[in-house]
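Asks: One structure follows; several queries about it will come next.
The values are calculated or read from the model by the stated rules, or taken from the named source; none is laboratory data. If you're wondering where the values come from, they're calculated on a predicted model, not measured in any experiment. Methodologically, a virtual Cβ is constructed for each residue, glycine included, from the backbone with ideal geometry; neighbour enumeration extends over all protein chains shown.
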Amino acid sequence: MRRAEHKKKRSPSRERYEQRNPTVSARVPEDTRTRLCAVLQTHGLSLADALKILAGELEVKAIPIEEAKKLGYEEAKRLYMVTYPCSICGEQVAITSPKGKEAASKHMVEKGWGHKKCHEQVLRRAHTF
């Protein structure tokens, strides 16, 4: 008799499980497999756990370069761009010109802007007299 004729029939639940969880296999050099098994054992992970983690990491890191540039630019703009509301329409105006930056700097100096810690030191000195 052929080998296929002797195969045990799988239960419906086993068939569904195997459809939802297909096998993933790969051939790697023996030293790579040995190192991988050692690392997994150290962390108490199965190979399936490691593949799930890797898939998540790659998914996060694999965004298109143009999208990454746009996200980085928007974040930098949010953190570092100085704006003020237009006195006529109220829309935000970005300070980008050298003259605008100079005017903002001059205004801040005139109004006594400075480091928080410097102002705190001045206040402490004033309270000690």
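Asks: Looking only at segment 56-69, count how many residues are among the hydrophobic types (A, V, I, L, M, F, W, C), surrounded by fewer than 10 Cβ atoms within 10 Å (Cβ to Cβ) and assigned to a helix (DSSP H, G or I).
Replies: 3
Asks: Please name all residue pairs, on different chains or six or more residues apart, with Cβ atoms under 8 Å, provided the first residue is in segment 13-38 and is under 16 Å from D49 (Cα atoms) and the second residue is in a helix (DSSP H, G or I) and modelled with pLDDT of 95 or more.
Replies: none
Asks: Oh, and also: Restricting to segment 20-55, count the residues that are touching a helix residue (DSSP H, G or I) at 6+ places or on another chain (Cβ under 7 Å) and in a helix (DSSP H, G or I).
Replies: Qualifying residue count, segment 20-55: 3.
Asks: Might you let me know whether segment 82-95 holds any residue that is out of contact with any Lys or Arg (no Cβ under 8 Å at 6 or more places or on another chain), modelled with pLDDT of 90 or more and part of a helix (DSSP H, G or I)?
Replies: Among the residues of segment 82-95, not one is out of contact with any Lys or Arg (no Cβ under 8 Å at 6 or more places or on another chain), modelled with pLDDT of 90 or more and part of a helix (DSSP H, G or I), which makes the answer no.
Asks: Please enumerate the residues belonging to segment 85-129 that are under 27 Å from E74 (Cβ atoms) and acidic (D, E).
Replies: E91, E102
Asks: Follow-up question, since we're still on this one. Is it the case, given these coordinates, that A4 is over 30 Å from K101 (Cβ atoms) and at pLDDT 90 or above?
Replies: No: the conditions fail for A4.
Asks: In the set G44, G90, G112, which member is in contact with a His (Cβ under 9 Å, 6 or more places away or on another chain) and at positive phi?
Replies: Testing whether each residue is in contact with a His (Cβ under 9 Å, 6 or more places away or on another chain) and at positive phi leaves just G112.
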